[in-house]
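S.K.: Quick one: the structure is below, and I'll ask about it shortly.
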Amino acid sequence: MSQKIQSIKGMPDVFSPQIELWHFIETLSKKVFTQAGFSELRTPIVEDLGLFERGIGEATDIVEKEMYTLLDRNEKKLAMRPEGTASVVRAFIEHFASKGEMDKRFYYFGPMFRYERPQKGRFRQFYQFGAEIFGADEPTVDAELIQIIVQLLKELGVANYLLQVNSLGSASSREQYRTTLLQYLNKISDHLCDKCKERKDRNPLRVLDCKIPECQNYLQEAPVILDCLDEISKKHFDVFQNYLSIAGISYQLNPRLVRGLDYYEKTAFEFTSNQLGAQNAFAGGGRYNALVEQLGGPSVAAIGFAFGLERLSQLLEHLALPKNPVLLLVSLGSAASEHFFKQLPELRKKYQGQVLAELSEKGLKAKLKYANRIHADQVAMLGDDELQKGVVVLKNMQTSEQRELPLNNWMDNL
Ligand code: HAM
């Protein structure tokens, strides 16, 4: 026997019944975001490596050690996208900002790639649904984005979650905070884990994210960014929170929420659920007003978010999705098989569910056994006798009741 080829670690196949749950989430997400003025933007999976290096930040885990990079045949450096925002910004600059169209709302959906250690809820290929709003710097827009996400979660039936919010201030207030935080981290450095020690000089804010209890203990007293906010960011954050309250949205202020990508400023947020285990964030986002300019476009404010489909669907595993009814056509004899075969396209068009056909030469008993195995709801039977009488026998598999319907229009009586 030849050696079996396995799927790549952390890159799972997705199939039924999970895929039906994904369809449900995708369809509802697209509906809710379309209703709020977003249109779909599909960007390529592969981009210029520089887009992510410049967009996400050189000192982030993603760029430093998680990217799938490759050289094309012309030695050009490419990367499989680790997230959607940088690509959407690139496309926004290329097709819209260049024509003076600054107010845009996009949503996107697709696979992302990060070379992380696979575990429950963490994959190397995973799917995100995300949305980005360009051309608005008002805090009401930040609150509106959260309101749309909350509406989506409600329509999906996700109730058990926590929304955490923070403000990362402006670039200058973050710079000031960085210095204050670094001074504190240097003081407690002996008590920090090796990863934090190594992180603190490159990206001190990320130290706050460490999950190790001993580090968290010493970080309790660390200065918080909210104390360093400039007046504009502070007002922005106040109005944002006020609008969340007006919308009746509960949230928790988490001054240690820093997010893993460098482009954020002002509002940052994350949705977590204690039903998810260690990888408990199922959605995250924030404002990134400097990124469009940083990637070569004009100065355009922007905010967005993305949820991870694997994690969100984990929260919905209990959901019993409505099952499509199944109609099975069972023929006996070649004339009946031919008759049913000709009717298939019309039947599939008319029937509100699945139409399957068992037109082989097997006997009736075997065919009905098959009907039970696939949980058919109805079986339409046709043999030489029925053809002569001009009828189809329709059997309800739940009640075993049988009806004879006229052969020429039986499909209108289902
Ligand atoms: P992120 O927090 O890195 O943000 O990812 C968003 C979501 O993707 C996470 O909350 C999580 O559900 C999911 N996710 C991330 N990594 C993995 C993984 N390895 N396996 C499974 N799921 C994962 C972003 O990517 C930003 N682009 C969001 C954004 C949009 N900010 C502004 N606009």
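The values are calculated or read from the model by the stated rules, or taken from the named source; none is laboratory data. Computed from a predicted model, the values in this text were never measured in an experiment. Backbone-built Cβ (ideal geometry, glycine too); neighbour counts: all protein chains shown. Surface accessibility is based on the protein's heavy atoms, side chains included, excluding ligands, DNA and RNA. Shrake-Rupley method; radii C 1.70, N 1.55, O 1.52, S 1.80 Å.
S.K.: Filter the stretch 110-142 down to the residues that are over 15 Å from TYR288 (Cα atoms) and over 19 Å from the mean Cα position of the chain (by Cα), then identify the one that is farthest from the ligand (Cβ to nearest atom). So that I can check it myself, show each step before the final result.
M.R.: From the stretch 110-142, those over 15 Å from TYR288 (Cα atoms) are 110-129, 140; that's our starting set.
With over 19 Å from the mean Cα position of the chain (by Cα) added as a condition, the list becomes 117, 140.
On the way: ARG117: 9, THR140: 18 Å.
Within the stretch 110-142, the match that is farthest from the ligand (Cβ to nearest atom) is THR140.
S.K.: Take the conditions open to solvent by less than 10 Å² (accessible area, probe 1.4 Å) and either away from the ligand (no atom under 16 Å from the Cβ) or on the phi > 0 side of the Ramachandran plot (or both) and apply them to VAL207. Does it pass?
M.R.: yes
S.K.: State all residues of the stretch 297-324 that are in contact (Cβ under 8 Å) with a residue 40 or more places away in the chain and assigned to a loop (DSSP other than H, G, I, E, B); if no residue qualifies, say none.
M.R.: The answer is GLY297, PRO298, VAL300, ALA301, LEU315, LEU316, GLU317, LEU319, LEU321.
S.K.: Here's a follow-up. Could you give every pair whose Cβ atoms fall below 6 Å, whose first residue belongs to the stretch 200-219 and is more than 18 Å from LEU168 (Cβ to Cβ), and whose second residue is part of a helix (DSSP H, G or I) and β-branched (Val, Ile, Thr), counting only separations of at least 6 or pairs across chains?
M.R.: If the second residue must be part of a helix (DSSP H, G or I) and β-branched (Val, Ile, Thr), the pairs left are TYR218/ILE188.
S.K.: Still on this structure, please answer the following. Residues of the stretch 48-76 being within 20 Å of TYR288 (Cα to Cα) and within 22 Å of the chain's Cα centre (by Cα), which ones?
M.R.: Of everything in the stretch 48-76, those that are within 20 Å of TYR288 (Cα to Cα) and within 22 Å of the chain's Cα centre (by Cα) turn out to be LEU51, PHE52, GLY55, ILE56, THR60, ASP61, ILE62, VAL63.
S.K.: Separate question: Tell me, which strands (runs of 3 or more DSSP E) lie completely within the stretch 63-180 with 1 or more residues that are closer than 19 Å to TYR264 by Cα and open to solvent by less than 40 Å² (accessible area, probe 1.4 Å)?
M.R.: Qualifying strands (runs of 3 or more DSSP E): 104-113, 125-134, 162-167.
S.K.: Quick one: how many residues across the stretch 166-191 are without any contact (Cβ under 8 Å) to a residue 60 or more places away in the chain and hydroxyl-bearing (Ser, Thr, Tyr)?
M.R.: First, the residues of the stretch 166-191 that are without any contact (Cβ under 8 Å) to a residue 60 or more places away in the chain: 172, 175-191.
This time we only want the ones that are hydroxyl-bearing (Ser, Thr, Tyr), so: 172, 177, 179-180, 184, 189.
Within the stretch 166-191, residues that are without any contact (Cβ under 8 Å) to a residue 60 or more places away in the chain and hydroxyl-bearing (Ser, Thr, Tyr) number 6.
S.K.: Going through the stretch 32-55 one residue at a time, which ones are in a helix (DSSP H, G or I) and either more than 22 Å from ILE149 (Cβ to Cβ) or modelled with pLDDT under 95 (or both)?
M.R.: If the condition is that a residue be in a helix (DSSP H, G or I) and either more than 22 Å from ILE149 (Cβ to Cβ) or modelled with pLDDT under 95 (or both), then LEU49, GLY50, LEU51, PHE52, GLU53, ARG54, GLY55 are the ones that fit.
S.K.: If you don't mind, another one. Taking the stated definitions as given, is LEU49 of a type outside the set (Val, Ile, Thr) and in contact with a Lys or Arg (Cβ under 7 Å, 6 or more places away or on another chain)?
M.R.: Yes: the conditions hold for LEU49.
S.K.: If you don't mind, there's one more thing I want to ask. Within the stretch 7-18, can you find the residues that are at pLDDT 95 or above and away from the ligand (no atom under 16 Å from the Cβ)?
M.R.: The answer is PHE15, and nothing else.
S.K.: Evaluate the stretch 327-335: report whether one residue or more is at pLDDT below 95 and touching a Gly at 6+ places or on another chain (Cβ under 6 Å).
M.R.: Within the stretch 327-335, none of the residues are at pLDDT below 95 and touching a Gly at 6+ places or on another chain (Cβ under 6 Å).
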